[in-house]
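This report concerns only the one structure given below.
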Amino acid sequence: MKLLLALLLVLCMAFPAQARNPLDFHLVKLNGTESGPTLLVVGGIQGDEPGGFNAAGMLASNYTIRKGSVWVVPNLNFPSIIARSRGGFGDMNRKFAALHKDDPDYTTIQRIKEIILDPQVDFVLNLHDGSGFYRPAWESETRNPKRWGQCVIIDQTAIGAQPFGNLEEMALAAVSDANNALLIPGHAYHLKNTRTNEGDAEMEKTLTYFAITNGKPAFGVEASKEFKTATRAYYHIRVLESFMRQAGIEYERDFVLTPEGLEAAMNRNLHLAFHNGKLSLDMQDIRSVLRFVPLNRNAEREFSSSKPLLTMVNNGNAYRVYYGNTHLTQLVPQYFDFDDSLNALTILVDGKPHNATVGSIVPVGNVFEVAAQEGYRVNVIGYTHPRLTNEVDIPIRKADFLPGYSVDNAETHYRVEVYRGEKFAGMVMVRFDEAAAAALNNNNAAPRTEDGAPAQDLAGNGADSNDTLGW
């Protein structure tokens, strides 16, 4: 753990200001077509609380705001998230009162303070996972006033006159809404008032207290660490949506709000793209190691991801890919210069020609064939032909691939790489799926993803760019 934290510290300080740091936090601005208040939601201030940062990540990736605005920071303490640590350089939620410039978290704290103080931000939610179940009176070792799970937290009853200044009233309404959608009665929410301004020295150092002392209503939201991540995220979102409704923020989501629906949506559409989408990798069911991945030496700074919690960090001779605090795979690069001249390939799918955008996934039933294109060389990874160095105009079936060369563990996805001279020109992924291929051929349509979106969209652009210690 110490070695990993040291590596993350180097990563955080290795890039000049204008370069992309893969562990910088994202600010995603979801703005409605109709004006209204702006809610700031923060997740990931402590990296061992995945319910909070996954709920914030879902908000950033899977919601459309119709009225008002929601600003989301799902990964405030990204190094801590990657390390599965409460805080590699100390608890970040205790650094808002005073902080020395030499502290490794100083820049992050200054940035999030600026966002909180933005005149457009009307109120703030800070998402956490807490130990056990908060109860106003002692019930058991895990259900008592010293626990933090399943509560909405305020620092005081109210702040000055403004639309959302009655903190207790809004928090109690959110508690009631959550309690109307409990999975079981024992999961009940309660209001927790820390009465910070009465002399709680620890709570005076927190993000929410910084906000309210600067005139911004702020609330902490806790889900219990007794639950799996999807259940924690479920309760977080129930509370989040209550606050949005109370503020008049209108929204839509693209998933069913159940733990099962959340888990499916969290793990859907996970893609990393490189060189403006010319190379795209599907992270779902990806092998633990992918070797000889054609990248340029700026890949770590220039990649894009389909979700803000999806990132990769340089691990010396390879790149480690993370989704939140889950390590998905390791990419072992083979470095190339890139050529930008190719936009699409003609691929015969079960005998029918299709125009495949570079960076897309093409479903194949039984056999595919890449048409020759003058000036380009094709290398189908895992397929070998004794007489061909350019693997075009030849039927290739799944049985023709060597074992272990697929991108995924299920051995359905394979890389079709294209080169122009010594430069890498892009990649198309073929996915053996008889039903999807039949639909493609019947409709004579462009390749599409598992969700029905056009395959070229898979390139994806990145987003805008506890225990008894308490929250």
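The values are calculated or read from the model by the stated rules, or taken from the named source; none is laboratory data. Treat the numbers as computed from the prediction; the structure is a model and nothing was measured. Don't worry about glycine lacking a Cβ; one is built from the backbone with ideal geometry, like all the others, and counts go over all protein chains shown. To get the accessible areas, we keep the full protein, side chains included, count just its heavy atoms, and leave off ligands, DNA and RNA. Shrake-Rupley method; radii C 1.70, N 1.55, O 1.52, S 1.80 Å.
Okay, which of segment 287-320 sit inside 18 Å, backbone N to the point 7 Å along the Cα-Cβ direction of Asp254?
Residues 304-310 fall inside that zone.
Under a point spin-label approximation (7 Å from Cα along Cα-to-Cβ), what is the Asn443-Glu422 distance to one decimal in nm?
4.3 nm
Run the accessible area of the chain with a 1.4 Å probe and give the carbon-and-sulfur part as a rounded percent.
Details: 9140 of 19470 Å².
Exposed carbon and sulfur together represent 47 percent of the surface.
So if we plug the beta-carbon distance of Thr326 and Ala161 into 1/(1 + (r/R0)^6) with R0 = 41 Å, what FRET efficiency do we get, rounded to 0.05?
0.40
Assigning unit charges at the beta carbon (Lys, Arg +1; Asp, Glu -1) and nothing else, what dipole magnitude in debye, to the nearest 20, does the chain show about its Cα centre? Don't jump to the answer; show the numbers that get you there.
Details: 44 positive and 54 negative charges, 112 e Å.
That gives the chain a dipole magnitude of about 540 debye.
Of the options Asn317, Thr208, Asn390, report the single residue whose Cα projects farthest towards the positive end of the charge dipole of the chain (beta-carbon charges: Lys, Arg +1; Asp, Glu -1).
It is Asn317, whose Cα lies furthest towards the positive end.
Apply 1/(1 + (r/R0)^6) to the Cβ-Cβ distance of Phe292 and Ala410, taking R0 = 25 Å, and write down the FRET efficiency to the nearest 0.05. Don't skip to the end; give the middle numbers.
On the way: r = 21 Å, r/R0 = 0.82.
The pair Phe292/Ala410 has a calculated efficiency of 0.75.
How much accessible area per residue does the chain have, counting only protein heavy atoms and a probe of 1.4 Å, in square angstrom?
Each residue of the chain exposes 41 Å² on average to a 1.4 Å probe.
Only sites in a loop by DSSP and with at most 13 other Cβ atoms within 10 Å count here; which trypsin sites (Lys or Arg not before Pro) in segment 368-430 make the cut? Working shown, then result.
Numbers: sites: Arg377, Arg387, Arg397, Lys398, Arg415, Arg420, Lys423; in loops: Arg387.
Taking segment 368-430 and a limit of 13 other Cβ atoms within 10 Å, the loop trypsin sites (Lys or Arg not before Pro) found are Arg387.
Taking a point 7 angstrom from the Cα of Asp285 along the C-beta vector, which residues in segment 329-367 have backbone N less than 14 Å away?
Counting only backbone N, you get 363-364.
Using R₀ = 25 Å, calculate the FRET efficiency as 1/(1 + (r/R₀)^6) where r is the Cβ-Cβ separation of Thr213 and Asp102; round to 0.05. Write out the running numbers ahead of the final one.
Working: r = 24 Å, r/R0 = 0.98.
E(calc), rounded to 0.05, equals 0.55.
Could you work out the local net charge near Asn144, counting Lys and Arg as +1, Asp and Glu as -1, over the other residues with Cβ closer than 13 Å to its Cβ?
Working: positive: Arg135, Arg143, Lys146, Arg147, Lys192; negative: Glu139, Glu141.
So the surrounding residues net to +3.
Is the shape of the chain rounded, prolate or oblate, going by the alpha carbon gyration tensor and its root eigenvalues a ≥ b ≥ c, with a/c under 1.5 for rounded and a/b larger than b/c for prolate? Intermediate values should be presented prior to the final figure.
On the way: a/c = 2.36, a/b = 1.97, b/c = 1.20.
Here the chain falls in the prolate category.
Which value at 222 nm does the chain reach when only helices count, each DSSP H run of 4 or more adding -39,500 (n - 2.57), with the total divided by all residues and rounded to the nearest 500 deg cm²/dmol?
Calculated mean residue ellipticity at 222 nm is -6500 deg cm²/dmol.
Can you give the % of DSSP beta bridges in the chain that are antiparallel, to the nearest 5?
Details: 52 of 86 bridges.
The antiparallel proportion sits near 60 percent.
Within segment 78-169, which chymotrypsin sites (Phe, Trp or Tyr not before Pro) sit in a loop by DSSP and count at most 13 neighbouring Cβ atoms inside 10 Å? Kindly include the intermediate steps, with their values, before the conclusion.
Working: sites: Phe89, Phe96, Tyr106, Phe123, Phe133, Tyr134, Trp138, Trp148, Phe164; in loops: Phe89, Phe96, Trp138, Trp148, Phe164.
In loop regions of segment 78-169 (DSSP not H, G, I, E or B), the sparsely surrounded chymotrypsin sites (Phe, Trp or Tyr not before Pro) are Trp138.
Going 7 Å from the Cα of Arg245 in the Cα-to-Cβ direction, what parts of segment 137-174 have a backbone nitrogen less than 12 Å from that spot?
Of the residues in segment 137-174, 173-174 have backbone N under 12 Å from the label point off Arg245.
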